[in-house]
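The values are calculated or read from the model by the stated rules, or taken from the named source; none is laboratory data. On a predicted model such as this, the values are computed, not experimentally measured, just so you know. Cβ coordinates were reconstructed from backbone atoms using ideal geometry, including for glycine residues, and neighbour counts include every protein chain displayed. Quick note on the areas: whole protein, heavy atoms, side chains included, nothing else; ligands and nucleic acids left out. Shrake-Rupley method; radii C 1.70, N 1.55, O 1.52, S 1.80 Å.
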Amino acid sequence: MNAVGLPSTFFTDPPEWRWLIIGYFFIGGLAGGCYFLAVLIDFFGGAVDRPLARLGYFVAFPAVVVSGLLLIVDLRRPDRFWHMLIQSDTGHPMLKPYSPMSLGSWALLLFGGFAFLSFLAALEDAGVLRWPRLAMFRPPHIVGRVIGILGGILAFFVAGYTGVLLAVTNRPIWSDTTLLGLNFLISAASTSAALLILLGHRRWYWRSSVAALERFDAMVLVLELIALVALIASLGSMARVWLNAWGALLVVGVFLLGIVIPLVLQWRPNLLGERWSAPAAAVLVLVGGFLLRVVVVLSSESLGVLG
Amino acid sequence: MAEPLGFFTDTTVCIGCKACEVACKEWNQLPSSHGGAPTLSGDSYDNTRQLDGLHWRHVKFVEQFSPDRADGRWLLMSDVCKHCVRAGCMEVCPTGAIMRTEFDTVVIQSDVCNGCRDCIAACPFGVIGINPVSNTAQKCTLCYDRLRAGMEPACSKACPTDSINFGTIADLKKMAAARVGQLHERGEQRAYLYGADEKMLGGLNSFFLLVDKPEVYGLPPDPKMPSRNLTPSSLWSTLGAVVIGLMGIFSFRNRGATARRLEEDDVERRRTA
């Protein structure tokens with residue numbers, strides 16, 4: 001094979017990050033996004049929106065647990081997962097602020113802690129746990145406010161750092177753009193709103209809360225459309241590597257199914273009937289968000305001239 | 001710190017005997033692949049194919065032949081970890097398993113690595129791979145154990161043509177410059193050094209004399225540090241977070257009033273229905 005003229009990123013090896021990592025990128029995004037939306041509703045929404053906020057916390061904590069498990073199982077030495085956090089030889093904390101994976105490990109751990117406290121408070125709020133003191137872990141209590149603010153910031157970090165992590169490598173596509181973090185973050189917001197819409201749309205008394213979420217999702221989808229176009233533009237001539245089945249999946253799966261059709265359904269709900277438009281749009285947004293990660297991860301995995 | 005040590009590999013005298021590969025495997029107790037069963041690449045006399053967790057030295061066979069095979073030449077190059085002065089693998093490693101030694105070489109501590117594979121994606125040269133026995137990322141250590149004992153690395157010791165030269169970086173650079181001059185004098189004007197100066201990742205402590213473009217040898221023409229993307233990627237993501245946050249606030253602010261109005265509408269609708 002004549003490799004002369006190929007970009008330097010083609011002379012690297014793929015790390016074999018596959019379905020477990022794709023699953024983490026998707027579910028971790030949902031954990032961060034749902035938590036952020038729940039905090040937002042807690043801080044700015046009305047009393048009528050509280051069930052929706054609780055739903056966000058109920059999704060976020062299990063999702064962050066699953067995220068951690070996916071990451072651990074993906075390690076070639078899962079028994080040493082704690083080496084990400086503790087230096088195995090000295091016992092000191094292991095933190096490299098300039099390594100996205102190192103920072104991300106800590107963010108995931110801390111976010112998991114905040115998500116757990118909010119989860120407990122939400123259980124108490126819903127009447128499942130009868131321990132009134134847990135109410136301090138949610139606003140308006142000052143402790144709950146601090147948890148919400150810190151957890152919300154970490155939620156954003158967890159939702160977006162994965163794209164930054166991919167960029168801080170030398171692999172084709174991933175390191176050829178600086179917009180993957182932005183795209184993953186926006187997609188985490190849109191898929192999380194979609195999941196909450198999907199879980200909440202059948203309860204009529206949540207109608208106004210879900211409607212607010214739909215407005216939010218529409219705005220985020222427009223932003224996602226712009227960010228995705230910017231991502232492809234930022235790849236420049238490297239975008240040619242998507243002139244294949246991956247590119248087709250990106251256009252049909254992510255652009256059309258995941259963004260354009262849901263936007264059309266929100267704009268013209270009568271196309272599928274009011275009953276089906278919202279859940280159909282939500283399912284499509286979730287599928288599109290998943291496919292975005294599939295295309296970004298796997299299309300790079302298959303590139304290179306070595307071996 | 002001891003004086004920086006490294007390799008200067010003069011590809012023009014490599015004969016492709018693979019003694020370096022064998023010496024490396026023996027000293028480092030690296031097992032054979034596929035349980036020792038011979039596997040052929042099928043399109044080259046080189047059956048090792050690439051550097052990975054089990055192959056820390058790899059003699060590349062670049063077979064340049066005209067379509068009718070009337071004319072041709074072999075380029076042979078014993079490839080190895082470059083022990084970059086600015087090492088991308090070490091930069092991203094989240095466990096601290098990858099360290100810089102007192103000899104300015106880069107070593108992965110196998111008892112610390114947990115196999116996350118970030119270093120594989122970060123290495124600009126595709127050097128690192130997972131060793132299926134230890135399930136950790138591994139690569140050339142520049143025989144750290146032998147250096148500590150005052151010995152020469154196994155590969156350069158075994159090299160019968162002195163294609164692989166081991167020594168202090170300062171000495172190797174002098175030797176390499178002299179060799180390039182000699183080749184130029186003798187008419188091989190294409191000879192040049194790859195990675196000897198500091199422009200490439202601060203300098204490669206394992207550098208090469210080549211007679212064709214780097215890509216021909218499977219080397220990147222312009223290797224970079226992974227961290228070049230860290231700040232811009234983080235800034236774009238932060239901007240995105242701010243915009244999404246504002247969108248969220250815009251969507252949910254004054255929800256108390258809006259929700260009350262909607263509920264009143266509901267009651268009104270049911271009353272009229």
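When peptides A:41-53, A:138-150, A:249-261 are sorted by average Cβ neighbour count within 10 Å, with the highest value leading, the order is A:41-53, A:249-261, A:138-150. Once R0 is set to 30 Å, what does the formula 1/(1 + (r/R0)^6) return for the Cβ-Cβ distance between B:ARG100 and B:GLU63, expressed as a FRET efficiency to the nearest 0.05? Efficiency, from the Cβ-Cβ distance: 0.25. Loop-resident trypsin sites (Lys or Arg not before Pro) (DSSP state other than H, G, I, E or B) in the range B:9-91 with no more than 13 further Cβ atoms inside 10 Å of their Cβ: B:ARG69. With each label modelled as a point 7 angstrom along the Cα→C-beta vector, the B:VAL22-B:ARG49 pair spans 2.3 nm. Eigenvalues of the alpha-carbon gyration tensor of chain A, scaled by 5 and square-rooted, set the equivalent ellipsoid semi-axes at 34, 27, 14 angstrom, largest first. Averaging the sequence gap over all C-alpha pairs within less than 8 Å and six or more residues apart, then dividing by the number of residues, gives chain B a relative contact order of 24 percent.
Of all alpha-carbon pairs in the range B:40-193, indicate the percentage at a distance above 26 angstrom.
37
Helical runs (DSSP H, four residues minimum) scored at -39500 (n - 2.57) apiece and divided by the length of chain A put the mean residue ellipticity at 222 nm at -22000 deg cm²/dmol. Points 7 angstrom from Cα along the Cβ direction at B:THR231 and A:LEU272: gap in nanometres? Taking the simple label geometry, B:THR231 and A:LEU272 are separated by 4.5 nm.
Please report, to one decimal in angstroms, the Kirkwood hydrodynamic radius of the range A:185-307 built from all distinct Cα-Cα pairs.
15.2
Ignoring ligands, DNA and RNA and using a 1.4 Å probe, state the total buried accessible area between A and B in Å², rounded to the nearest 100.
Values: alone 14930 and 15230 Å², together 24560 Å².
Heavy-atom accessible area buried at this interface is about 5600 Å².
Simple spin-label estimate for A:THR90 and B:ALA177 gives 3.8 nm between the two label positions (7 Å along the Cα-to-Cβ direction from each Cα). Once R0 is set to 41 Å, what does the formula 1/(1 + (r/R0)^6) return for the Cβ-Cβ distance between B:THR39 and A:ILE226, expressed as a FRET efficiency to the nearest 0.05? Once the sixth-power term is evaluated, E becomes 0.25.
The relative contact order of the range A:15-301 comes to 21 percent, based on Cα pairs under 8 Å that sit 6 or more residues apart.
Between B:PHE250 and A:ALA233, the C-beta separation translates, for a Förster distance of 35 Å, into a calculated FRET efficiency of about 0.80. Averaged over the residues of peptide A:13-19, the number of Cβ atoms from other protein chains lying within 10 Å of each residue's Cβ is 5. Sequence-ordered 3J(HN,Hα) estimates for the range A:78-89 from the Karplus curve with 6.51, -1.76 and 1.60 and θ = phi - 60° stand at x, 5, 9, 4, 5, 4, 5, 10, 10, 5, 5, 8 Hz, glycine and proline given as x.
According to the Cα-based calculation, Rg over Rh for chain B is 1.25, with Rh computed by the Kirkwood formula. Over the residues of chain B, the helix contribution to mean residue ellipticity at 222 nm works out to -10000 deg cm²/dmol, using -39500 (n - 2.57) for each DSSP H run of at least 4. Of all DSSP bridge pairs formed entirely within the range B:5-224, close to 85 percent run antiparallel.
Taking each residue in A:106-118, count the Cβ atoms of any other chain within 10 Å of its Cβ, then average. What number comes out?
The mean count of partner-chain Cβ atoms within 10 Å per residue comes to 0.
Decide, for the range B:78-140, between rounded, prolate and oblate: order the square roots of the alpha carbon gyration tensor eigenvalues as a ≥ b ≥ c, take rounded if a/c falls under 1.5, and otherwise choose prolate if a/b is larger than b/c, else oblate. Rounded, since a/c falls under 1.5. How large is the translational diffusion coefficient of the protein assembly as shown in µm² per second when you combine the Kirkwood radius over alpha carbon pairs with Stokes-Einstein at 37 °C and 0.692 mPa s? Value of D from the Cα-based Kirkwood radius: 126 µm²/s. Inter-chain neighbour count for A:125-134: the average number of beta-carbon atoms from partner chains within 10 Å of each residue's beta-carbon is 0.
Computed extension length for B:VAL13-B:THR238: 75.7 nm, one decimal, from 0.36 nm per residue of separation with the Cα-Cα distance subtracted.
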